[in-house]
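Quick notes on the structure that follows.
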Amino acid sequence: MDLVTPGFGLIAWTTFTFLLLVALLGKFAWKPILTMVKEREASIDMALKAAHAAKAEMAALHSSNEQLLKETREERERILKEAREMREKTISDAKSAASSEAAKVLETAREQIHNEKMAAMTEVKNQVAQLAVEMSERILRAELQNAAAQKAMVDRALQDVNLN
Amino acid sequence: MIKRKLVGLFIAVALFLAPVVGTKAATPDHAAPSEEKADAPFDPTELIMHHVKDSHSWHLFDLNGHAYSVPLPVILWTTHGFVVFSSSEFHHDSEGKVVVQRNGMSFVNHHEKIHFAEEGENHGTLIDVSITKNVASMLFVAVLLLLLFLSTARFYKTKQAIEKAPSGLAGFLEPLILFVRDDIAKVNIPAKQVDRFTPYLLTLFFFIWLNNMLGLIPFFPGGANVTGNIAVTLVLAVFTFLITNVNGTKDYWLHIFWMPGVPIWLRPVLAIVEFIGLFTKPFSLMIRLFANITAGHIIVISLVSLVFVFETVLVSPGSVLLTLFISTLELLVAALQAFVFTMLTALYIGTALESHDDHHEEEIEHAH
């Protein structure tokens with residue numbers, strides 16, 4: 001029974017000691033320790049959040065870089081395609097221009113040739129006419145040496161006129 | 001990692017204690033074996049009860065039939081004021097034979113209780129507030145706790161503590177402090193008020209644990225059965241009781257005296273049960289700690305006593321091995337009981353602070 005009978009002295013001393021401990025440890029140990037631990041936790045939390053934000057930012061940057069790269073690649077493709085098209089167009093333009101020019105030149109040449117030919121023909125015709133006139137003159141002159149022949153001729157001519 | 005370290009520490013301490021407990025077996029822990037009693041048959045019950053109970057002097061060892069102990073101050077509050085003298089004036093007597101005279105009063109130590117020497121002598125009140133073995137051990141623990149945690153706190157007062165991981169003593173104690181804060185306080189007490197109670201819970205946990213641990217050391221300055229004394233556990237339980245009920249919310253009291261959500265006729269019955277529960281909770285705290293620690297001490301001394309009961313040294317290997325086993329177990333119990341006491345305290349405080357808003361909403365809905 002003695003064992004389970006609390007003694008007053010020990011109760012008093014325990015109360016005193018424990019209260020003292022609660023007060024002293026509370027003020028000089030738990031308060032600074034818990035405060036600092038809390039602050040540290042907050043700072044770790046903050047650092048973690050900052051790290052996460054930085055990671056997200058990096059990811060965003062990376063994806064925007066990707067985007068930029070993709071756009072640039074597309075741009076390049078587009079420019080190249082345009083250039084290719086331009087080249088083809090230029091070539092075909094040049095080809096068509098050349099061929100039309102050639103056709104034009106040919107046409108001109110043909111025309112010129114035709115003209116030359118015509119001119120030459122006219123010339124030849126004129127020459128032939130001239131020659132014919134000269135020949136006829138000579139023939140007439142030779143024919144009309146004697147008066148009879150002249151007379152016969154005039155007659156014939158007159159006959160022709162009459163007939164007409 | 002820390003847990004593994006702690007287990008390692010426990011094992012190391014246990015191994016360190018083993019030979020000590022063994023040597024203890026060689027010298028009986030008997031406070032005052034008087035000459036004529038030397039041949040009397042060994043009485044383990046007396047030895048055990050002597051150890052388990054409080055004492056006015058701190059017995060160290062017996063040498064050549066002489067008991068050596070640390071004298072402690074005997075402080076008595078009488079009608080004629082305080083009387084203070086050294087416990088050595090009793091000359092190791094606890095049979096009420098040696099009389100010490102002070103201020104015209106004479107005192108005897110009868111089974112570690114100070115009485116007036118003459119029966120019926122009317123000197124009025126006599127209140128014993130001596131620094132007994134338990135008080136001295138407890139004060140030693142208090143000093144140890146202050147040294148430990150105030151030096152730990154020094155690290156936390158520096159600016160670098162915010163960016164540096166704790167090292168040394170702080171590195172060892174911080175996980176324990178965080179364990180109490182996170183796994184005892186935060187899980188039981190609402191987050192808004194938890195900071196108010198964490199310091200108390202921390203003090204409680206380390207006070208009980210260190211006292212338990214010191215009680216396991218079989219030689220001076222350990223070995224006192226502080227937390228196995230009902231007076232100590234009573235005070236701790238009363239503190240818990242007071243803190244719980246002083247902070248009780250309206251809801252808490254409502255749930256005790258007029259339980260919502262049960263039939264009206266049942267409420268008075270429940271009120272009686274709940275009211276008794278108010279006291280059984282701290283009572284169970286008091287008994288649990290007292291019984292566990294006292295039981296541990298009793299087992300250890302019983303095992304050591306085997307050598308003297310069988311009066312042969314041949315029993316000692318078994319005795320030492322069993323003592324080692326139990327001592328190791330007691331190291332676990334020391335931490336466990338500190339944890340259980342603190343955990344339940346936190347739980348009780350948490351219950352008292354809880355507000356059952358949802359219950360009331362339900363009730364109102366039912367009423368409509």
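The combined condition, being part of a helix (DSSP H, G or I), within 14 Å of chain A (Cβ to nearest Cβ) and surrounded by 14 or more Cβ atoms within 10 Å (Cβ to Cβ), is not fulfilled by residue B:299.
Has region B:180-202 got any residue that is closer than 26 Å to residue B:58 by Cβ and under 19 Å from the mean Cα position of the chain (by Cα)? So far as region B:180-202 goes, no, none of its residues is closer than 26 Å to residue B:58 by Cβ and under 19 Å from the mean Cα position of the chain (by Cα).
With respect to residue A:122, is the statement that it is over 30 Å from residue B:161 (Cβ atoms), in a helix (DSSP H, G or I), among the hydroxyl-bearing types (Ser, Thr, Tyr) and at pLDDT below 90 true? Spelling it out, residue A:122 is indeed over 30 Å from residue B:161 (Cβ atoms), in a helix (DSSP H, G or I), among the hydroxyl-bearing types (Ser, Thr, Tyr) and at pLDDT below 90.
The residue pairs whose first member lies in region B:163-182 and is within 11 Å of chain A (Cβ to nearest Cβ) and assigned to a helix (DSSP H, G or I), whose second member is surrounded by 15 or more Cβ atoms within 10 Å (Cβ to Cβ) and not hydrophobic (A, V, I, L, M, F, W, C), and whose beta carbons are closer than 6 Å, counting only pairs six or more residues apart or on different chains, are B:170/B:152; B:173/B:152; B:174/B:166; B:181/B:198.
For region B:221-242, a residue qualifies if it is among the hydrophobic types (A, V, I, L, M, F, W, C) and surrounded by fewer than 18 Cβ atoms within 10 Å (Cβ to Cβ), and the qualifying residues are B:238, B:242.
Here residue B:261 clears all of (1) assigned to a helix (DSSP H, G or I); (2) small (Gly, Ala, Ser); (3) surrounded by fewer than 21 Cβ atoms within 10 Å (Cβ to Cβ) except the condition numbered (1). Here residue B:221 passes the criteria (1) without any contact (Cβ under 8 Å) to a residue 12 or more places away in the chain; (2) more than 18 Å from residue B:337 (Cα to Cα) except the one numbered (1).
Considering the conditions (1) exposed (fewer than 14 other Cβ atoms within 10 Å of the Cβ); (2) in contact with a Ser or Thr (Cβ under 6 Å, 6 or more places away or on another chain); (3) not charged (D, E, K, R), residue A:21 is excluded by exactly one of them, (1). Filter region B:64-77 down to the residues that are assigned to a strand (DSSP E or B) and at pLDDT 85 or above and list them by number. Answer for region B:64-77, where residues must be assigned to a strand (DSSP E or B) and at pLDDT 85 or above: B:68, B:69, B:70, B:71, B:73, B:74, B:75, B:76, B:77. Residue B:51 meets the conditions (1) in contact with a helix residue (DSSP H, G or I) (Cβ under 6 Å, 6 or more places away or on another chain); (2) outside any helix (DSSP H, G or I) in every case but one. The failed one is (2). Can you find a residue in region A:5-27 that is closer than 30 Å to residue B:126 by Cα, of a type outside the set (Gly, Ala, Ser) and not in a helix (DSSP H, G or I)? Yes: one or more hits.
Scanning region B:263-285 finds no residues that are of a type in the set (Val, Ile, Thr) and in contact with a helix residue (DSSP H, G or I) (Cβ under 8 Å, 6 or more places away or on another chain).
The values are calculated or read from the model by the stated rules, or taken from the named source; none is laboratory data. Note that the structure is predicted; figures quoted are calculated from it, not measured. Cβ coordinates were reconstructed from backbone atoms using ideal geometry, including for glycine residues, and neighbour counts include every protein chain displayed.
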